[in-house]
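Everything below concerns the one structure shown next.
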Amino acid sequence: STGNYRRMFKLARGVVHASAIGNQGISVKLIETYAQLLIH
């Protein structure tokens, strides 16, 4: 999140949501994939 609280919150919220939809656990790969989807 490079020190940006709002970006970090969106990342955390999105990863939790994506893991629930996919019925999978939270992984490093999921976090990295979702981070690339966020607008820089």
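The values are calculated or read from the model by the stated rules, or taken from the named source; none is laboratory data. Bear in mind that the values here come from a model prediction, so they are computed numbers and not experimental data. All Cβ positions, glycine included, derive from the backbone under ideal geometry; neighbour counts span all protein chains shown. We work out accessible area using only protein heavy atoms, side chains counted, and drop any ligands, DNA or RNA first. Shrake-Rupley method; radii C 1.70, N 1.55, O 1.52, S 1.80 Å.
Quick notes on this one:
- Filtering the range 17-40 to residues that are open to solvent by less than 80 Å² (accessible area, probe 1.4 Å) and without any contact (Cβ under 8 Å) to a residue 12 or more places away in the chain leaves Ser19, Ala20, Gly22, Gly25, Ser27, Thr33.
- Tyr5 hydroxyl-bearing (Ser, Thr, Tyr) and surrounded by 15 or more Cβ atoms within 10 Å (Cβ to Cβ): no
- Test: Lys29 is modelled with pLDDT of 90 or more, of a type in the set (Lys, Arg) and touching a Leu at 6+ places or on another chain (Cβ under 9 Å): no
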